[in-house]
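This report refers to the structure that appears directly beneath it.
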Amino acid sequence: MGLESAAEHLRSLQADQAFQQKESTESRRSNQEEVVYHQLATFKVDNELYGIDVVQVKEVLRYSEITPVPGSDDYVLGIINLRGNVVTVIDTRLLFGIAAHKPSDDTRIIVVEYNEQEVVGLVVDSADEVINLPQNDIDRAPNATGEETTKRFVMGVCYYNNILIILLDIFKMLQSITPLDENEEAF
């Protein structure tokens, strides 16, 4: 093999190596782009960790005085005034079929958006943290529970730092207790 053919062979090998590196980099980028993350606000109810889409959370409030509404369902604790807006407050323990307990310093009201005109407060034992969770880490909810009321709100489960998180569909949960009236006109 002559010097010129050896040089040509070396250039060919370098071009192949450069092409493979470029292809590998593009493959890594496309794999990274495919990962979809969900941002979840987590909270505890009866020592279970739950997660909801953080986009639906308007704010988290300390537990305060709630004005009762006569004749309402037992899980509706009443209403609060939030900067001039009336917010219906729901006890998640009673909604999930768990015994109620006295509020503590950790008890919070998570104000979530139900629809464009209404927000609802969810009383939880404690607010935890906001986490980023890859879509691939979310599993379908098991059908092991016979409790129909809770099962229909659960859209999946996942493990985060070896702790099980139950992911709730807030819209389905709120729609089941305050269905949208199809006859109402949106203003």
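The values are calculated or read from the model by the stated rules, or taken from the named source; none is laboratory data. All values derive from a computational prediction rather than experimental measurement. Cβ sites come from the backbone with ideal geometry, for glycine too, and all protein chains shown count toward neighbours.
In the stretch 115-136, which residues are surrounded by 13 or more Cβ atoms within 10 Å (Cβ to Cβ) and within 18 Å of residue 48 (Cβ to Cβ)? First the steps, then the outcome.
Of the stretch 115-136, the ones surrounded by 13 or more Cβ atoms within 10 Å (Cβ to Cβ) are 115, 118-128, 131, 133.
122, 123, 124, 125, 126, 127, 128, 131, 133 - these are the residues of the stretch 115-136 that are surrounded by 13 or more Cβ atoms within 10 Å (Cβ to Cβ) and within 18 Å of residue 48 (Cβ to Cβ).
Among the residues making up the stretch 56-78, those that are within 29 Å of residue 39 (Cβ to Cβ) and touching a Ser or Thr at 6+ places or on another chain (Cβ under 7 Å) are 63, 76.
So if I check each of 139, 105, which one is modelled with pLDDT under 85 and either in the same structural domain as residue 59 (by TED's automatic domain parsing) or at positive phi (or both)? Write out each step before concluding.
Numbers: 105 fails: modelled with pLDDT under 85.
Exactly one residue qualifies, and that residue is 139.
Take residue 50 and decide whether it is assigned to a strand (DSSP E or B), of a type in the set (Ser, Thr, Tyr), assigned by TED's automatic domain parsing to the domain that holds residue 162 and at pLDDT 90 or above. Yes, satisfied.
Residue-by-condition table, conditions (1) in the same structural domain as residue 168 (by TED's automatic domain parsing); (2) in contact with a helix residue (DSSP H, G or I) (Cβ under 8 Å, 6 or more places away or on another chain); (3) modelled with pLDDT under 90:
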{"position": "75", "(1), (2), (3)": "yes, yes, no"}
{"position": "79", "(1), (2), (3)": "yes, no, no"}
{"position": "84", "(1), (2), (3)": "yes, no, yes"}
{"position": "118", "(1), (2), (3)": "yes, no, yes"}
{"position": "126", "(1), (2), (3)": "yes, no, no"}
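Taking the stretch 142-163 as the range and being of a type in the set (A, V, I, L, M, F, W, C) and either in contact with an Asp or Glu (Cβ under 9 Å, 6 or more places away or on another chain) or at pLDDT 60 or above (or both) as the test, the residues that pass are 153, 154, 155, 157, 158, 163.
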